[in-house]
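First up is the structure itself, then whatever we jot down about it.
The values are calculated or read from the model by the stated rules, or taken from the named source; none is laboratory data. Keep in mind it's a predicted model, so treat the numbers as computed, not measured. Cβ placement follows ideal geometry from the backbone for every residue including glycine, while neighbour counts extend to all protein chains displayed.
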Amino acid sequence: MEEIKTETVVQEEEIKKVIPAERVILTGDRPTGKLHIGHYVGSLRRRVELQNSGEYDKIFIMIADAQALTDNADNPEKVRQNIIEVALDYLSCGLDPKKTTLFIQSMVPELTELTFYYMNLVTVSRLQRNPTVKSEIQARNFETSIPVGFFTYPISQAADITAFQATTVPVGEDQLPMIEQTKEIVRRFNYIYAPTLVEPDSLLPENQACLRLPGIDGKAKMSKSLGNCIYLSDSEEEVRAKIMSMFTDPTHIKITDPGHLEGNTVFTYLDAFCKKEHFERYLPEYQDLEELKAHYTRGGLGDIKVKKFLNAIMQEELEPIRQRRKQYEMDIRGVFQILKEGSLVARERAVQTLEAVKAAMKINYFDDLELIEEQAQKYSK
Ligand code: TRP
C-alpha cells in the first residue's frame, strides 16, 4: 500500500515539474556598500568562472536596489550611490556585459507584480520561520517595528529568481533559506495554477573558507561597520597593510612556538586564495599548503613569512581587478549605459514570465477570447 502511494506522489511531481529549456543563472547583490573580498571568494569569482565556462545559456546579475530599500527606506541616497560601486566591482572582476546581463532590479517592474501574486502563496508564519529573515531582524533591531517590505523580501527574491526562469542561483550559505522559499512558491504555484515556473537550484562556494571569509581581525564576518574588510577597490598598499595587521594565533609568540591553524585568519585566507602553483612562484621551498601548515603547526615558521606569501598571492589576484576598475572608472557614463541596456534585456525576459504567470492564473482577461465569448453568450441569453 505504502509503495503505491509513494509512486503516485512521484508521478504527480513529474507532471507538475517544468523542464527548463535552458540553463540560466540569476543572482545579485544589494547595493549598500562596495564589495569586499568576502563577496569575491564567496561569489564573484565563481560567477566569472561560470560565465566563462560556456555551460550556461544565459546569465543575469542583478543589482538589488529595491531589496536594499527594504531596510534602508530612510536612506535611498546610500542605495543610489552604491549602484555604481557594485557595477564597477562586477565589471572589474571580469563580468563581461557581452556574456552576462547586468541590470538594476527596480528597472524591471514586472518583478514587483510577480511578488504581489506570490504573496498569496506564502503564510506569515512561514516567513517568520525563515532563518535568514529571523537573524536579519535581530541584527537590525527590528523586533518591534519590522517594515512589511523587509519582512516579505523573500517573496520578492522568489520573484527575482523565477522571473528569469533561473535554473541555478549561485549564493552564499545565508541565502539558502531564500532558495528553499522560492522552491516552495514554485511548487505551490505550479500545483494550484499550471506548470509554469522553473524550480531553481542553489550553487554554493567551493570550500568552507570561501563560504564565510572572516574579517582581518579574525571576527566571523567581514563587515563595513566592524572596519575589518579588504575591499576589491583597495590599493596595493592598503591590501598589504591590512594583511600585515591580520589576526593570526595569539599563542604563537616566538617563531619556534608551535602554531595553531584554527581561527588563524591568514591560513583561512590561504585556504580561499592559494593554489599549488603559487608555491612554485613565491615559496618554492614548500610543495603545497599542507606542507606549509604542517611546518607552522610544528613551530619554526614565522607569521611574517606566511603573511608575505599571502600578500603576494592576493596582489596577483587583485591587480588585474584594480586595472580593469581604473579603465571603467574613466568611463562611468559607459557603465550606466551597460546597466541600461542590461535592464532592457532583463525586462524582456521578465515580461514573458509575467505573461505566462497571468495566463496560468487566467487573469490575462483581454487575451482570453474564450472568457469574453463565454460571458457574451451568458448575457445574450
Ligand atoms: N539577498 C541577496 C543579498 O542580500 C540579493 C538578492 C536579491 C539575490 N535577489 C536575489 C540573490 C536573487 C540571489 C537571487 O545579497
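Some points to look at:
- Residue satisfying all of: in the range 168-196; outside any helix (DSSP H, G or I) and under 26 Å from residue 363 (Cβ atoms); nearest to the ligand (Cβ to nearest atom) among these: 196
- Matching residues in the range 124-161 - criterion: being in a loop (DSSP other than H, G, I, E, B), modelled with pLDDT of 90 or more and within 22 Å of residue 173 (Cα to Cα): 129, 130, 152
- For the range 33-55, filtered to residues that are more than 15 Å from the ligand (Cβ to nearest atom) and in a loop (DSSP other than H, G, I, E, B), the residue that is nearest to residue 170 (Cα to Cα) is 55.
One line per residue, one yes/no per condition, for (1) out of contact with any strand residue (DSSP E or B) (no Cβ under 9 Å at 6 or more places or on another chain); (2) at pLDDT below 95; (3) in a loop (DSSP other than H, G, I, E, B):
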| position | (1), (2), (3) |
| --- | --- |
| 225 | yes, yes, no |
| 243 | yes, no, no |
| 259 | yes, no, yes |
| 292 | yes, no, no |
| 296 | yes, no, no |
| 314 | yes, no, no |
| 320 | yes, no, no |
| 326 | yes, no, no |
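- Residue satisfying all of: in the range 301-325; surrounded by 15 or more Cβ atoms within 10 Å (Cβ to Cβ) and within 24 Å of the chain's Cα centre (by Cα); nearest to residue 259 (Cα to Cα) among these: 314
- Evaluated against (1) closer than 29 Å to residue 186 by Cα; (2) over 23 Å from the mean Cα position of the chain (by Cα), residue 345 falls short on exactly one condition, (2).
- Condition met for residue 156 (touching a helix residue (DSSP H, G or I) at 6+ places or on another chain (Cβ under 8 Å), in contact (Cβ under 8 Å) with a residue 40 or more places away in the chain and within 14 Å of residue 184 (Cα to Cα)): yes
- Screening residue 158 against (1) crowded, with 19+ Cβ neighbours inside 10 Å; (2) more than 13 Å from the ligand (Cβ to nearest atom) leaves a single unmet condition, (2).
- Residues in the range 109-155 that are surrounded by 13 or more Cβ atoms within 10 Å (Cβ to Cβ), away from the ligand (no atom under 12 Å from the Cβ) and of a type in the set (Val, Ile, Thr): 112, 122, 137, 146, 152.
- Which numbered condition residue 29 misses (of (1) touching a Pro at 6+ places or on another chain (Cβ under 9 Å); (2) within 13 Å of the ligand (Cβ to nearest atom)): (1)
- Remark: pairs (first residue in the range 174-199, farther than 30 Å from residue 220 by Cβ; second residue of a type outside the set (Asp, Glu) and modelled with pLDDT under 95; Cβ separation under 6 Å; 6+ apart in sequence or on different chains) = 190/16; 191/16; 195/16; 195/18; 198/18; 198/20.
- Of the listed requirements (1) at pLDDT 95 or above; (2) in contact with a Phe, Trp or Tyr (Cβ under 7 Å, 6 or more places away or on another chain), residue 218 misses just one: (1).
- Taking every residue in the range 25-39 that is within 22 Å of residue 111 (Cβ to Cβ) and pairing it with any residue that is among the hydroxyl-bearing types (Ser, Thr, Tyr), at least 6 positions away or on another chain, the pairs with Cβ-Cβ distances below 6 Å are 25/56; 25/168.
- Residue within the range 194-205 that is touching a helix residue (DSSP H, G or I) at 6+ places or on another chain (Cβ under 9 Å), within 30 Å of residue 307 (Cβ to Cβ) and not hydrophobic (A, V, I, L, M, F, W, C) present: yes
- Sole exception among (1) at positive phi; (2) in contact with an Asp or Glu (Cβ under 7 Å, 6 or more places away or on another chain) for residue 141, by number: (2)
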